[in-house]
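Values in this text are rule-based calculations from the coordinates and carry no lab data. Worth saying up front: this structure is predicted, and the values here are computed from it rather than measured. For neighbour counting, all protein chains shown are included, and Cβ atoms are generated from backbone atoms with ideal geometry for every residue, glycine included.
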Amino acid sequence: MFPTRIALGKEIMVVPQASAIVPGATNAEPVAIPADHLNMVKFASRQNGGYETVSGHLQLLAEEAPEAIGARWEEQDRIRKAQANVKKDFTVPFSLSGIPEAKNFVGRKEELAKIKEAFQGDGSQRTVVLLHGLGGIGKTQLAVTFVKEHRDTYSAIFWLNGKNEGTLKQSFAVMANRLYKEYPSLALLRTAVEAKDVDQIVVIIRKWLSAEENHRWMLVFDNIDNPKLPGNKDPQAYDVRLYFPEAYQGSILITTRSSRLREIGKVVSVRKLVDIRESIAILTSTSGRVNLDRDTYATDLVDQLDGLPLALTTAGAYLSQVSTSLEDYLRHYRTSWLKLQQTSPELLSYEDRALYTTWNLSFKHIKSQNESAGNLLRLWAYFDNQDVWFQLLAAGSEGSPVWFATIVNDELSFNEAIRLLSDHALIESLEMSEKYRWLY
């Protein structure tokens, strides 16, 4: 290629020789044309040297075109078919890290069946199931047992501690490390983890859980006991729904003491054990003592503990560390309950919570919202979990304290206090009547 003449008789190289080769091309060769930029495709005749060069190469390209184009089409077709056959994999290996123990779990076949039935879908439509019951009733152990039994059903199972918003975010951080270990391509997640930006971690994980074909996962939100709902003025309360993926898919299991969360999912009520053999089994397993099924004091003790798994486990743990007889333990339980609870060993399966602290949390939460309802609960304790109804209390209102008079002033006030106690799973409404029973 020659310089091109421009105005005033000057000449410049419009296109440098290097530009004649496509960068990176392995099957290209430069072809020189003895002409400047303006005349390189203008030929005086067929005998012109430039014309012969161009036409000769064009003829070669035309002859090779069918084979080259066919090979390119075949390659593109192979790529298209390969992409169509590849399924995105969102599998994360099952891990027990962060999941409480449930080695003394017994029974609950009916509840496990209800949970399984509720999660019948494939996750393409979101399903939320709530395990509702009193603190210490065994909601967490039930959830642990379910995910263990059905771990092969889900592509990934993540356990999140919802005790408060801070612990929930920390659970997302742990979840992020598991995800990045399996999917290093999630560069944004790595950046957020290294920066310890938990809010950004939550955003990225929610987006990952919302991916189009990623719907076979399960999230377990444990201990969502203080949800942000109308009437709850606790500054520590938070809305767990803000941590759900945006896409309406996947499976979500929640353990909670609050019945007011029933609006966001299907409720499976977790109640005390009614089969005395299951209570004996827990006491036997945790105490290490044998033949309890034939011990009358053991029968009396489990009857006193009224089918509450945490109470049974606490008693068994205490008995496993001392030589106290069941008869003496039962006597201590009846005469020095609080001291006995305070000196009982901590339980890993209940996150080191003791029975009295578990119930005290519920009691304090009730009093913070309605002090009269808390006082009613104290009074109710003297009824030995017998039935209570409005007319019964109203009949004894004369000369009563102000808080009591307030509750029995009218049925609406009474129902307000009852609703709060029921919300914390401490009482239940008896079917086809206006009576209420303290469950424990």
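General observations
- In a simple Cβ point-charge model (Lys, Arg +1; Asp, Glu -1; nothing else charged), region 109-269 has a dipole of about 280 debye relative to its Cα centre.
- Burial order of peptide ranges 170-177, 407-414 (average beta-carbon count within 10 Å, highest first): 170-177, 407-414
- Extension reserve of the Asp152-Ala237 stretch, reckoned as 0.36 nm per residue once the Cα distance is removed: 27.2 nm
- Here region 212-235 and region 131-151 have alpha carbon centers that stand 16 Å from each other.
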